[in-house]
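What follows is a single structure, written as structure tokens, with notes after it.
The values are calculated or read from the model by the stated rules, or taken from the named source; none is laboratory data. Please read all numbers here as calculations on a predicted model, not as lab measurements. With ideal geometry, Cβ positions are generated from the backbone for all residues, glycine too; neighbour counts draw on all protein chains shown.
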Amino acid sequence: MTKTKQHYDMHPGFARMGMARNEESQDEYMAAAPQYVEAMFSGKKAHLRPIYDALYDLARTYPGAILAPGKTIVPIYRTHVIAQIKATTNTRIDFGFALKDTPASGRLIDTGGFAKKDRITHRIEITSLADIDDEVRTWLRKAWEMDG
């Protein structure tokens, strides 16, 4: 698999707040974003990086998708956060979705987020590249459409 150079977007919070988030300037954030991802997938989580790369590539198939890493997650935005990539344990990534009160089915797990008024309401556990299947693509598309 040939690795393409990943690029990240300005965190939407900068535009909304009209000032630096967490005291970072926009330039500092853009310089730090790739480092956040490198740190997330280093050490015992390094073997999860190909899974992250595949989820990144999947998210980039949506025109206008914004990926703006933080120190522990990579949220995916349309207008709002529609999904997030999180290296939850040393053995899995949780791919979270903003699906409101959608009933969980298949591998989709209800996180209780809707009741707590969290954006991310569901997740699918991803432990291998084979887990990024039609079910994952369907839920990402649904989350994208729900934010349209």
- Determine which single condition Phe95 fails, assuming it passes every other condition in (1) at pLDDT below 95; (2) in a strand (DSSP E or B). (1)
- Would you check which residues across the range 83-137 are touching a Phe, Trp or Tyr at 6+ places or on another chain (Cβ under 7 Å), over 23 Å from Ala68 (Cα atoms) and of a type in the set (A, V, I, L, M) and list them? Leu108
- Query: Which of the residues that make up the range 60-108 are of a type in the set (A, V, I, L, M) and either loosely packed, with under 15 Cβ neighbours inside 10 Å or more than 27 Å from Gly43 (Cβ to Cβ) (or both)?
  - Reply: Ala65, Ile66, Ile82, Ala98, Leu99, Ala104, Leu108
- Query: So which residues in the range 70-87 are touching a residue at least 12 places away in the same chain (Cβ under 8 Å), closer than 18 Å to Arg123 by Cα and of a type outside the set (Lys, Arg), if there are any at all?
  - Reply: Thr72, Ile73, Val74, Ile76, Tyr77, His80, Val81, Ile82, Ala83, Gln84, Ile85, Ala87
- Taking the condition of a type in the set (Ser, Thr, Tyr) and crowded, with 20+ Cβ neighbours inside 10 Å, does Tyr52 pass? yes
- Residue pairs meeting the criteria (Cβ under 9 Å; at least 6 apart or on separate chains; first small (Gly, Ala, Ser), in the range 37-55; second part of a helix (DSSP H, G or I)): Ser42/Arg49; Ala54/Leu129
- Note on the structure: Leu55 meets each of (1) more than 16 Å from Glu125 (Cα to Cα); (2) assigned to a helix (DSSP H, G or I) with one exception, condition (1)
- Among residues of the range 109-139 being among the charged types (D, E, K, R) and assigned to a strand (DSSP E or B), the residue nearest to Lys45 (Cα to Cα) is Glu125
